[in-house]
1. For a quick check of your reading of the model, give me the residue pairs whose first member lies in the stretch 502-527 and is at negative phi and open to solvent by 40 Å² or more (accessible area, probe 1.4 Å), whose second is modelled with pLDDT under 95 and of a type in the set (Val, Ile, Thr), with beta-carbon atoms closer than 6 Å and at least 6 apart or on different chains.
2. Would you mind stating whether SER402 is closer than 17 Å to ALA491 by Cβ, modelled with pLDDT under 85 and assigned to a helix (DSSP H, G or I)?
3. Assess whether ARG204 counts as being closer than 18 Å to THR349 by Cβ and either touching a His at 6+ places or on another chain (Cβ under 8 Å) or of a type in the set (D, E, K, R) (or both).
4. For residues that are at pLDDT below 80 and not acidic (Asp, Glu), scanning just the stretch 104-123, find the one that is surrounded by the most Cβ atoms within 10 Å (Cβ to Cβ).
5. Identify, from the list LEU521, LEU558, LEU544, LEU538, the residue that is modelled with pLDDT of 90 or more and of a type in the set (A, V, I, L, M).
6. Of the conditions (1) touching a helix residue (DSSP H, G or I) at 6+ places or on another chain (Cβ under 6 Å); (2) part of a helix (DSSP H, G or I); (3) open to solvent by less than 60 Å² (accessible area, probe 1.4 Å); (4) not polar (S, T, N, Q), GLY247 fails just one. Which one is it?
7. Looking only at the stretch 144-183, how many residues end up being hydrophobic (A, V, I, L, M, F, W, C), in a loop (DSSP other than H, G, I, E, B) and at negative phi?
8. For residues in the stretch 250-283 being in contact with a strand residue (DSSP E or B) (Cβ under 7 Å, 6 or more places away or on another chain) and in a helix (DSSP H, G or I), which is nearest to ALA83 (Cα to Cα)?
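The values are calculated or read from the model by the stated rules, or taken from the named source; none is laboratory data. Bear in mind the structure is a predicted one, so any value in this text is a computation, not a measurement. All Cβ positions, glycine included, derive from the backbone under ideal geometry; neighbour counts span all protein chains shown. Just so you know, the surface numbers come from the protein's heavy atoms only, side chains and all, with ligands and any DNA or RNA stripped out. Shrake-Rupley method; radii C 1.70, N 1.55, O 1.52, S 1.80 Å.
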Amino acid sequence: MLRTLFQTKDLKEILAASQDSAHSLRRALGPLQVTLLGVGAIIGAGIFSTIGSAAAGDAARPGAGPSLMLSFVITALVCAFTALCYAEFASRVPISGSAYTYSYATLGELVAWIIGWDLMIEYAIGNVAVAISWSGYFRSLLGNLGIDVPLWLATDYRTGAKIEGLYEAAPKLFGVPIVCNLLAFLIVMIITVVLVWGIRESARFNAGMVVLKIVVLLAFVAIGISFVPSGQLSANWTPFMPNGFAGTLTGAAIVFFAYIGFDAVSTVAEETKNPKRDLPIGIFSSLAICTLLYVVVAAVFLGMVPFSTLTGMTAAERSEPLTYALGIVAPQATWASIFVAFGSVVAMTAVLLVFQMGQPRIFFSMARDGLLPPVFASVHPKYKTPHVTTIATGLVVGLIASFTTIDEMVDLTNIGTLFAFVLVCLGIPLLRLQDRRNPEQAAGISGGFRVPLGPWFLPLLGAASCVGLMVYLPPSSWWRFAGWLVLGLAAYSAYGYSHSKLGRRQGRPERVPGILKLAALGFLVGGVGMMFVLPHDLPATAMLTALVSPAEAGRAALGGWLTVGGLGLGVLCWWWFSRRLTSSPAT
């Protein structure tokens with residue numbers, strides 16, 4: 001049975017699936033549109049917000065200071081290794097689904113399911129954080145223009161509890177204050193309508209926003225240079241590494257958020273006119289353009305404000321570093337701050353658009369393989385877009401963004417993205433190995449981009465680089481990520497295993513066996529315990545002690561036993577199920 005869980009899907013079969021007229025998407029994008037989609041996904045909240053924390057640091061992390069310029073280059077190199085692997089996969093397997101499809105072709109069904117589930121962290125859950133951040137910037141922009149949006153319409157209920165007087169000011173229903181992030185919900189719904197309308201229209205909308213936010217960044221550079229003499233700019237770059245190379249590497253890990261998105265280009269592979277040429281161009285061009293912009297903006301920002309001043313920034317000032325810098329060097333130019341704030345709103349709108357475009361296409365591919373209900377593989381008869389998954393994703397992201405705090409969402413995004421990058425890098429050697437084992441298949445999908453210097457050196461270097469960044473993430477990210485994957489195993493046990501089209505051809509049962517339903521329940525309990533109950537700030541030794549002395553540990557003991565008991569039940573059920581099938585190995 002284990003062999004079937006890691007059964008790979010034939011590349012020719014994957015390509016043939018896109019030829020089904022009932023489940024095919026419109027090929028309407030050229031290299032320029034693909035590049036602009038990549039730029040739209042990359043330039044967002046990262047450059048407009050994270051450079052403040054990365055440059056100044058905080059109580060737990062050293063700041064990079066002026067060496068943040070080098071931090072951006074280091075992160076770009078790490079992403080470039082992965083971009084090479086994405087480019088080869090995207091040009092040889094030009095199908096919607098991104099890393100999910102690539103994993104199905106090289107690592108097998110179970111890994112493909114895990115990576116498809118994991119990509120929800122990067123796209124859907126990551127977009128929740130972007131929508132919440134967009135809401136705050138948009139409300140601030142309207143405030144600068146004299147339009148006041150009540151705070152109870154731009155924040156979640158739990159955050160509202162920490163704001164003095166908010167509950168009293170909010171309207172009440174049966175005595176309960178009505179507090180929700182309506183702005184976040186509305187922007188997600190507007191983006192959803194645009195995406196259902198059509199891929200060509202979505203690309204045009206994105207292109208306009210990309211041009212505008214590049215203009216805003218270049219305007220910031222021009223304003224900074226005009227208000228600060230060149231001698232002062234260079235003087236503020238000294239000392240270049242105030243916290244040594246450790247600060248530079250820490251800054252690189254933080255600004256990784258500013259690069260998340262270049263892989264979103266691969267999700268529109270099935271809607272690209274010439275994917276073997278256009279996708280590699282889009283991936284590399286967008287990454288190069290954004291890196292150049294990031295380094296230039298960082299250089300001017302760090303020349304405008306000396307490091308000693310940066311370390312005194314408040315949390316609110318760190319979240320809007322560009323407007324903070326303008327307020328220091330040109331306090332009289334209020335129009336410049338408003339213009340940059342407007343650019344922040346536009347930048348995050350573009351990120352919302354591209355990520356909301358990517359997630360439905362991953363669901364679409366999973367449904368086409370039978371791992372999700374077939375309704376998710378529906379294509380709109382007129383607009384030729386995956387409208388069911390687009391609307392479903394929009395509703396889920398919008399509703400969660402209305403009632404969730406941003407801190408709960410951000411922690412998952414980084415580690416989930418890096419994990420996907422690792423699997424894509426490891427998939428290249430396996431893809432080349434399949435080519436040698438099956439030369440006829442390789443000949444049938446020949447052409448397209450190939451990772452230079454062979455299938456091992458750069459892909460393994462990319463995987464190692466991503467793992468290196470993951471090691472520096474806080475323990476809470478690891479716990480939440482592990483819990484999320486366990487919840488994915490619950491979904492696979494309850495539906496994906498029995499409904500997989502590849503598995504059905506191998507004789508799997510058409511109805512979900514009761515033992516797998518019990519396994520799904522176990523994984524569900526374990527995932528909930530790991531994600532929501534365990535206190536993530538406790539060391540592992542304290543959690544083990546809690547299992548031994550539950551009466552004294554409280555929440556730690558409850559979370560520990562839910563995790564251990566749920567995982568144990570899930571694994572035991574799968575083991576028993578596999579023993580039943582040993583007499584029929586093909587199943």
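1. Final answer for the pair search is GLN506/THR4.
2. Details: closer than 17 Å to ALA491 by Cβ: no; modelled with pLDDT under 85: yes; assigned to a helix (DSSP H, G or I): yes.
Taking the combined requirement at face value, the residue does not satisfy it.
3. In short, yes.
4. By that ranking, first place goes to TYR123.
5. Details: LEU558 fails: modelled with pLDDT of 90 or more; LEU544 fails: modelled with pLDDT of 90 or more; LEU538 fails: modelled with pLDDT of 90 or more.
That would be LEU521, the only listed residue that is modelled with pLDDT of 90 or more and of a type in the set (A, V, I, L, M).
6. Among (1) touching a helix residue (DSSP H, G or I) at 6+ places or on another chain (Cβ under 6 Å); (2) part of a helix (DSSP H, G or I); (3) open to solvent by less than 60 Å² (accessible area, probe 1.4 Å); (4) not polar (S, T, N, Q), the lone unmet condition for GLY247 is (1).
7. 9
8. Step one: of the stretch 250-283, the residues in contact with a strand residue (DSSP E or B) (Cβ under 7 Å, 6 or more places away or on another chain) are 250, 268, 271-273, 278-279.
Next, from what is left, pick out any that are in a helix (DSSP H, G or I): 250, 268, 271, 278-279.
Working: THR250: 22, VAL268: 15, GLU271: 19, ASP278: 14, LEU279: 11 Å.
Applying the filter and picking the extreme gives LEU279.
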